[in-house]
Amino acid sequence: MSNISSDLVLFNELVDVLINEEEQHPVADRIEADKLYDAIDLSLNATAMVDEELKTVLKDVLVSTPKTATRLFFNQLFGGRQGKAVLGDLLAVMLNNSMYTYKVAGPQVGIELEIIRQSCDMIGYGSQSNGTFPTGGSMSNYMALVMGRDAKDPDCRLNGMSKPMVIYTSKESHYSTAKNASFAGIGKNNIRFIPADSRGRMMPEKLEAQIIEDLSNGFVPTYVNATAGTTVLGAFDAIDEIADITEKYKIWLHVDGAYCGSVIFSDSFKHLVKGIERSDSFSYNAHKMLGTPLTCSIILVKDKKHLHNSFSNDADYLYQTDGDDFNLGKTSFQCGRRNDALKFWTLWKSVGTNGLKQIVDQQFELANVALDYIRSHSDYTLYSFDDSISICFNYKNIDPTTLCTALYEHQITVVGFGSFNDDTFVRLVTINANNKKQDILNFFKVLEEFVEKHPELVGATEAIQA
Ligand SMILES: *Cc1c(COP(=O)(O)O)cnc(C)c1O
């Protein structure tokens with residue numbers, strides 16, 4: 001059997017292979033899904049494998065796995081890699097703590113709490129606030145919804161749903177709210193999807209009108225989800241205006257900042273979440289704008305009693321020492337819980353809050369590079385707006401679905417498409433803060449060169465339109 005030291009030597013060797021591969025082939029060779037098992041030996045067998053052979057298989061897997069950290073990956077709401085965060089995550093794997101008790105996690109508890117405390121201070125949540133690290137943004141939204149539900153009807157935790165609750169979110173919000181409504185016993189049909197304005201922001205006047213209508217029909221307005229960075233356009237709902245309404249009707253206000261909530265780290269961009277201190281809960285994903293490895297999601301709650309009321313369950317076999325404040329399992333969804341705090345803390349500790357600001361600001365700078373380029377080239381049509389790191393456009397009226405698929409299949413660049421109202425477009429996400437201006441300009445260059453070589457793409461669209 002191998003020992004950990006030699007495994008780590010192997011690890012370093014494989015990482016060298018990966019880094020080299022990322023430089024040589026920023027877009028991995030694509031394996032068709034139906035040929036996958038023929039292309040790489042993924043089979044699990046009864047017999048052991050010697051390290052040399054294992055190394056070969058692992059190399060094959062590394063080389064053909066989609067590269068999300070390279071300068072040609074723009075497909076997702078994450079991308080790139082902050083080295084210090086990787087360091088922290090590797091240490092978390094070695095330590096292998098579980099975050100439920102101080103007894104088992106020790107200083108790691110303090111690390112998690114420090115991130116939560118600093119984040120709460122940054123958004124002006126006050127001394128009663130607290131938070132936790134759920135498994136991701138969807139789970140953060142779920143925890144927020146459960147707290148909002150229980151705040152409206154505490155009895156619901158014991159007896160189940162007895163009130164006709166309804167919840168509100170914009171048409172442009174993330175789909176997790178719909179799933180969560182079903183998990184939380186509220187039901188998908190009891191979500192009110194509020195229309196968005198021409199820039200993708202929830203319309204507060206429509207929200208209030210819907211609440212008034214629901215009240216007059218005997219429903220119980222329970223929860224409003226506002227979004228800081230919508231999934232397609234990267235739009236920011238107007239929190240202050242929405243908070244005027246939620247305060248008036250006593251409804252829980254959650255701000256889903258999974259995508260762009262990290263603007264709280266930037267003096268230049270935190271105005272986009274103005275009024276955040278008036279929300280009841282707020283979540284952000286450090287694995288999106290802040291470049292930490294997946295997943296690293298933080299939910300903050302203005303009044304910590306809600307976290308306790310909704311998520312603590314006494315378990316004498318587990319909570320034997322150290323008091324509740326350091327036994328984080330009292331306020332988490334899971335029992336055993338991965339240490340997602342150390343990677344973010346290692347990054348934050350090393351670059352400081354000023355460094356996190358730079359990471360955020362760089363993404364908006366890259367977005368401006370892309371916006372300028374699109375605005376000064378008449379072959380492009382722009383669909384997105386300022387103050388967003390989602391740059392939405394079409395090129396030469398080529399069908400964006402066809403274009404993105406062709407770029408991916410030819411290993412040119414990995415970028416996705418999205419829709420808003422009746423338009424579908426390419427969505428370039430400038431979230432990789434390691435990228436430079438040159439990398440964004442290079443994206444347009446490789447796209448244009450590709451289209452030049454494939455004139456049928458332009459023709460195909462014209463044929464479809466004709
Ligand atoms: C990514 C995203 C989520 C979901 O976060 P996961 O960590 O992927 O579960 C929720 N809301 C918004 C606005 C997002 O962009």
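The values are calculated or read from the model by the stated rules, or taken from the named source; none is laboratory data. What you see is a predicted model, and the numbers here were worked out from it, not measured in a lab. With ideal geometry, Cβ positions are generated from the backbone for all residues, glycine too; neighbour counts draw on all protein chains shown.
Determine which single condition residue 233 fails, assuming it passes every other condition in (1) in contact with a Phe, Trp or Tyr (Cβ under 8 Å, 6 or more places away or on another chain); (2) closer than 26 Å to residue 305 by Cα; (3) within 16 Å of the ligand (Cβ to nearest atom); (4) not in a helix (DSSP H, G or I).
(2)
Tell me the residue from 87, 44, 91, 36 that is more than 16 Å from the ligand (Cβ to nearest atom), over 23 Å from residue 351 (Cβ atoms) and either in a loop (DSSP other than H, G, I, E, B) or touching a residue at least 24 places away in the same chain (Cβ under 8 Å) (or both), please.
44
On the given criteria, is residue 384 crowded, with 19+ Cβ neighbours inside 10 Å, farther than 22 Å from residue 70 by Cα, of a type in the set (Gly, Ala, Ser) and not assigned by TED's automatic domain parsing to the domain that holds residue 175?
The answer is yes for residue 384.
For region 217-230, name all the residues that are within 16 Å of the ligand (Cβ to nearest atom) and either surrounded by fewer than 16 Cβ atoms within 10 Å (Cβ to Cβ) or small (Gly, Ala, Ser) (or both).
Result: 226, 228, 229.
Does region 301-312 include one or more residues that are free of Cβ contacts under 8 Å to residues at least 60 places away in the same chain, in contact with a Lys or Arg (Cβ under 9 Å, 6 or more places away or on another chain) and surrounded by fewer than 24 Cβ atoms within 10 Å (Cβ to Cβ)?
Yes, that holds for at least one residue.
Quick check on region 273-298: of everything there that is under 26 Å from residue 221 (Cβ atoms) and outside any loop (DSSP other than H, G, I, E, B), which residue is nearest to the ligand (Cβ to nearest atom)?
So the residue we want is 283.
Take residues that are closer than 16 Å to residue 74 by Cα and tell me which of the helices (runs of 4 or more DSSP H) falling wholly in region 376-466 contain 1 or more.
Passing ranges, in order: 400-409, 437-453.
Tell me, please, whether a residue that is among the polar types (S, T, N, Q) and over 22 Å from the mean Cα position of the chain (by Cα) can be found in region 78-86.
So far as region 78-86 goes, no, none of its residues is among the polar types (S, T, N, Q) and over 22 Å from the mean Cα position of the chain (by Cα).
Any residue in region 236-257 that is part of a loop (DSSP other than H, G, I, E, B) and within 11 Å of the chain's Cα centre (by Cα)?
No - not one qualifying residue is present in region 236-257.
Return yes or no: is residue 122 on the phi < 0 side of the Ramachandran plot and within 16 Å of the ligand (Cβ to nearest atom)?
Spelling it out, it is not the case that residue 122 is on the phi < 0 side of the Ramachandran plot and within 16 Å of the ligand (Cβ to nearest atom).
Applying the selection to region 199-216, what residues are free of Cβ contacts under 8 Å to residues at least 40 places away in the same chain, surrounded by fewer than 21 Cβ atoms within 10 Å (Cβ to Cβ) and within 17 Å of residue 272 (Cα to Cα)?
Correct list: 203 only.
Return only the number of the condition from (1) in a helix (DSSP H, G or I); (2) modelled with pLDDT of 95 or more; (3) away from the ligand (no atom under 16 Å from the Cβ); (4) in the same structural domain as residue 295 (by TED's automatic domain parsing) that residue 163 does not satisfy.
(1)
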